[in-house]
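First up is the structure itself, then whatever we jot down about it.
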Amino acid sequence: MGEFGIVPGQRVAIIWDSSSPVEALKALVDKIQALVGADNQVSVENVNQLCQSSHRESSFDVVLSGLVPGSAAQHSAEVLAEIARILKPGGRVLLKEPVLTDSANSSSLKTAASLPTALTLSGLVEVKEVQKEALRPEEVQAVQEHLGYQGSDLLLVQLEGRKPNFEVGSSSQLKLSFAKKAAPSGKPSVDPAAAKLWTLSANDMNDEEMDLLDSDELLDSEDLKKPDPSSLRAPSCKELGKKKACKNCTCGLAEELEQEKRSSQPKSACGNCYLGDAFRCASCPYLGMPAFKPGEKILLKENQLHDA
């Protein structure tokens, strides 16, 4: 296997930035071209122009970024997402980036801990650190000139990540079983030791050490007295001074009021009282009153009831 794990026949993208020395970039391109073979294209892209490139998704087997000696390339979230897009499923990315050793620094540079997280958030998996080293003098100069950072708390970290073995938006059929599980046949098994704890045999009943209680001995003379029926009856609504039965009356007040209502209304012998005087009997208490609907409540005066 060649340098960076590249083998013949693979498509490789090399990403550089303005801090990359031209001679070093050309040397890296020639080396990768010799590894993959003359028939396979090696694409070279500037990190600031990568998102505007016309590369189709899943185009490259390997992406190399920031690996030009003397480079101070910074990988934004958009650049990392574009790298993940143009990689083939299972493809690899190798990148180098100068990072801070102290997360308390307010610089826009990433830290050694946040760089792997950025790769993971872009959709890459199996992110691991390959190398961590101090910056060489030319690299420190590149950071100062192109990034404007004058501190000395810097490290050069090389990471490797891999695109998952599936394309974004792809689908796969799930094998789900909705078949009902057969119910277990027979009775559930019972632990013999547990069952024995709740079993009394004839020998246990005759065992002198077995302490058995007679249930009748638990009752005293007050418990054996027959209760007075009146003490078991709940007070009715009428006894509590209510004039109207509750909605779900159970004390009998509703039945009493209904009986009083029926007894206060005379029963028709002919069944024609509601039709009017032309159909009423001579002794009908409703004589002289207009016709009414069957079942309609009609109040009679006290003298009419006595006359009837």
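The values are calculated or read from the model by the stated rules, or taken from the named source; none is laboratory data. Since this is a predicted model, take the numbers as computed values, not measurements. Neighbour counts are summed over all protein chains in view; Cβ atoms, including those assigned to glycine, are modelled from backbone coordinates with ideal geometry.
Things worth noting here:
- The combined condition, being assigned to a strand (DSSP E or B), of a type in the set (S, T, Y) and either surrounded by 17 or more Cβ atoms within 10 Å (Cβ to Cβ) or modelled with pLDDT of 90 or more (or both), is fulfilled by S43.
- Subset of the range 55-111 [assigned to a strand (DSSP E or B), among the polar types (S, T, N, Q) and surrounded by 21 or more Cβ atoms within 10 Å (Cβ to Cβ)]: S65
- Some residue of the range 143-151 being of a type in the set (D, E, K, R) and assigned to a helix (DSSP H, G or I): yes
- Taken as a whole, the range 2-18 holds no residue that is over 26 Å from E129 (Cβ atoms) and among the β-branched types (V, I, T).
- Annotation: Q141 fulfils all but one of (1) touching a Gly at 6+ places or on another chain (Cβ under 7 Å); (2) free of Cβ contacts under 8 Å to residues at least 24 places away in the same chain; the unmet one is (1).
- Any hit, the range 122-135, residues being surrounded by 13 or more Cβ atoms within 10 Å (Cβ to Cβ), on the phi < 0 side of the Ramachandran plot, in contact (Cβ under 8 Å) with a residue 12 or more places away in the chain and assigned to a helix (DSSP H, G or I): no
- Hey, E82 in contact (Cβ under 8 Å) with a residue 12 or more places away in the chain and out of contact with any Asp or Glu (no Cβ under 9 Å at 6 or more places or on another chain) or not: yes
- Residue check, V157 under 23 Å from L87 (Cα atoms), crowded, with 17+ Cβ neighbours inside 10 Å, touching a residue at least 60 places away in the same chain (Cβ under 8 Å) and assigned by TED's automatic domain parsing to the domain that holds S65: yes
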